[in-house]
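Right, one structure below, let's go through it.
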Amino acid sequence: MQSSKGFQVEDFIAGWIGGASSVVVGHPLDTVKTRLQAGTGYRNMLHCILTIYRKETLTGFFKGMSFPLASITFYNSAVFGFFSNTQRLISKFRYGDGRHPCSMLDLTAASMLTGLMSVGIGAPVDLVKIRLQMQTQTVLAENLNLAGNVSSGSNIPLRSVNLPSQTLYRGPLHCVGSILQSEGLQGLYRGAGAMILRDVPGYTLYFIPYTIFCNLLKPDATSSPHPCSIMLAGGLAGSISWVTATPADVVKSRLQADLQRKYRGIVHCIVHSYRTEGIRVFFCGASVNAIRGFPMSATMFLTYELSLQFFRSL
């Protein structure tokens, strides 16, 4: 599976397998995190979980999962494949050998480039996921107008209307079509700037801690890490990455969930959120991110590494 130029396809395939497993494990808490950051009426994480369960049953925790799960083939494959192959390119450029171990500076450069690349693919996926996660049985009349379900000349007042048999988006494809119709292609990238602020440092604090912890947990420098070590290293790296990325994640979630155009941009969202809710708002969902980040990343790295070992043994 390796070309003469050192490009390795198995990294992309292993990234798909690992990413798909992590989505299934982490999506329920991701829904809780999104509701806490961009929703209203939730006092804390436990109250949010109970509210979702009481009003929407277990299916409420899996809203919006079909789209990221379907698109994970491309997104996580691109992230892990890009990161691994970028490391090899850097090693080949700096040391003349793509198999030469990367320094921390090399890993930092590869991680930041991966975070930047991921936004181009991940912003639309995140936007649709959040729009579907935020969707409940009560929708706003102005949101229906934005989605093209109410004529622009409608005199319906801007208030909540209860439509038990209707939701704003019928599914991922309808959500994408509605956004394109009402906001254009740029609408799919709403919040992309905040996502860059989240993912560039976020991926740096994802891959580097994982590498450090794996090296510390190995019995010696030449051996491969044990699966338990991979899970522990991956889980710790995920928690660190998500907790530190929470402030930018809050801003991104609010911009992407903002159908009413309350926020004019990143700076306005930050200033408005701070003035109305204080500094604590930027750490909303941090506890969920810490808890959710561990099993998601532990599953991600374990299935990625095991898949990689399998493909390379063929």
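The values are calculated or read from the model by the stated rules, or taken from the named source; none is laboratory data. The structure displayed is predicted, hence computed values, not measured ones. Glycine gets a Cβ as well: all are built from the backbone with ideal geometry, and neighbour counts include every protein chain shown. We work out accessible area using only protein heavy atoms, side chains counted, and drop any ligands, DNA or RNA first. Shrake-Rupley method; radii C 1.70, N 1.55, O 1.52, S 1.80 Å.
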Solvent accessible area, Å² - Leu188, 1.4 Å probe, full protein context
20
So, with +1 on the Cβ of K and R and -1 on the Cβ of D and E, and no other charges, what is the size of the charge dipole of the chain about its Cα centre, to the nearest 20 debye?
660
Only helical DSSP H runs with n ≥ 4 go in: add -39500 (n - 2.57) per run for the chain, normalise by residue count and round the 222 nm mean residue ellipticity to 500 deg cm²/dmol.
-24000 deg cm²/dmol
Can you give me the Kirkwood hydrodynamic radius for segment 173-314, using every pair of distinct Cα atoms, in Å to one decimal?
17.2
How large is the accessible surface of Lys262 in square angstrom, using a 1.4 angstrom probe and rounding to the nearest 10?
110
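Counting only protein chains, not ligands or nucleic acids, how are His27, His272, His100 ordered by accessible area (probe 1.4 Å), most first? Each step should come with its number before you reach the end.
Numbers: His27 5, His272 55, His100 75 Å².
The residues order as His100, His272, His27, largest area first.
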If I histogram all Cα-Cα distances within segment 46-133 using bins 5 Å wide from 0, what percent of pairs lands in each bin?
3, 13, 17, 14, 12, 11, 10, 8, 6, 4, 2, 1
The number of Lys pairs in the chain whose alpha carbons lie under 28 Å apart, excluding pairs fewer than 8 residues apart on one chain, is 17
State the label only: which of (1) 158; (2) 136; (3) 145 corresponds to volume of the Cα convex hull per residue in Å³ computed from the shown model?
(3)
Can you tell me the length gained on complete extension of the stretch Ser313 to Ile212, counting 0.36 nm per residue apart and subtracting the Cα distance?
33.8 nm
Would you compute, for the Cα atoms of segment 31-72, the largest minus smallest coordinate along each principal axis and list the three values in descending order, in whole Å?
32, 20, 13
HN-Hα J couplings of segment 182-198 from phi, Karplus 6.51/-1.76/1.60, θ = phi - 60°, integer Hz, Gly and Pro as x?
8, 10, x, 4, 5, x, 5, 10, 5, x, 5, x, 5, 5, 5, 5, 7
